[in-house]
Amino acid sequence: MPGCSYMWRPLPQIRGSSGQAREALKRHFTELQAAAGRLLSERLAGLLAEVDAIEADSIKPLDDCQSLIEHGVGQADELLREGEAALRCGLGEKEDKLGSFTKKAMHIQLDSLPEVPALVDVPCVSAQLDDSVLSLLRDKVSRHGAVSSHPPVQIEELQERPGGILVRWCKVDEDFAAADYRLQYRRSGSGGSQYEDAYIGRDCEFLVLHLDPHTDHLFRVSARGEGRTEWSPWSVPQTGYTTLAPHEWRSGTEGYILSSRKNIALRNDSAQSRCAVLYSNAPTYFCGQTLTFKISAAGQIDRLDSLGVCIDTQSGDESLQRDQAVCISTNGAVFVNGKEMTNQLPAITVGSAVTFDMEVVNLLPISNNNLSEGGHFKLRVTIGSGNREVVFDWLVDQAVDCLFFGCSFVHSGWKVLVF
């Protein structure tokens, strides 16, 4: 029965999450119990070592005094036996023996003994133990840990991006005051794969890059309350994947150095004169998506600099300020098919993020079976930079659903990440 199967679909999540919660509780409290026992044993050993040290330091002077007294008594006993022997000997030897006895008696200080300290002057070792520790521990333990049936935050949307996934989340508990969010991800189906942090901050969305296309990844998010150090329970993991290849710059363009992933380009000073436009490796920007250029280093601004998209690539061009292209210069000027617009955006600097959004608007109907048959197309373009944006319509001579992107910088020092 379809209805019955639908009703039983949540059971695996309930039973699975309950089992995971039990295992997490057992593991945590077992580790906590072992750690607490270890700390108590270490503290006990430290206190016993203090007692041993006090005892050793206090007994040593008394042991030295006892040894001195025993040595003096031994000398006196030996002298007494020598005197008795002198009295029992004959007249011929008595004078010599008595003389020896008298000489030894004069060197032995029988009336000088060390003073034995009073009991109030010697240590009386005791242990001071605070009984309130147990009540404090009991109070802490009674409030340690919690079980929640619903986390305060859940993943709301997963959107595929070239080489990545845009993850959006939202609070589902309005009474929870979130200070930070924590997003983690891992490859799905990998037994040894562990979740790793992708983002920690106050935003409610993040673009996770460097994901292999057509590969499932699991995403989860948690939150941290205002003034708290611990994180909330994790949201229900959501599976997402991208079918879009990552944006890459084209290799081999003189004047540019690319990163290993080819998504970062650095304009160097190897070119003796102005160098050509650095294009994308393929037309990987599709209408309906957001293309972002992130500037991580800046050089000298020039009006011929450009960041933008184009219908095709043309070798030898030194700027995207040409026909069949829209772009923004580093001074903020916007160009459409080589003509500068009246509206202008803020100048591009280190940390700037320039975004391109496009949607198709047909002026004349064309065949649904073959976009390449031609027809007049109007693309509605939105370029954003520095919390400002310009919106305009771009008329192109052919139907397009994907475009190249590119950049050009007259001076060295510019470094741009595309995603």
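Quick look at the values:
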| read-out | value |
| --- | --- |
| Rel. contact order, % - alpha carbon contacts under 8 angstrom, at least six apart, the chain | 12 percent |
| Leu80/Ile54 FRET efficiency (R0 35 Å; Cβ-Cβ; nearest 0.05) | 0.30 |
| Rounded Å value of the spacing that divides the Cα centres of region 194-271 and region 319-365 | 26 Å |
| Candidate aspartates and glutamates - alpha carbon under 20 Å from Lys103, same-chain residues fewer than 8 apart omitted | Asp77, Glu78, Glu82, Glu84, Glu93, Glu95, Asp111 |
| Over region 180-302: Kirkwood hydrodynamic radius from C-alpha pairwise inverse distances, Å | 17.8 Å |
| Max mean-square fluctuation residue, GNM over the chain, Cα-Cα springs under 10 Å, options Ser306, Ser222, Ser100 | Ser100 |
| FRET efficiency, Leu40 to Glu70 (Cβ-Cβ, R0 35 Å, nearest 0.05) | 0.20 |
| Gaussian network model of the chain, Cα within-10 Å springs - most flexible of Glu84, Glu205, Glu157 | Glu84 |
| Cα gyration tensor category, rounded, prolate or oblate, for region 153-242 with a/c compared to 1.5 | prolate |
| Net +/- balance of residues flanking Val221 in space, Cβ distance below 14 Å, scoring K and R +1, D and E -1 | -1 |
| Around Ser193: net Lys/Arg minus Asp/Glu count, Cβ-Cβ under 12 Å | 0 |
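Read-outs throughout are calculated quantities, based only on the coordinates presented, and are distinct from any laboratory measurement. These numbers were taken from a predicted model, which means no experiment stands behind them. For neighbour counting, all protein chains shown are included, and Cβ atoms are generated from backbone atoms with ideal geometry for every residue, glycine included.
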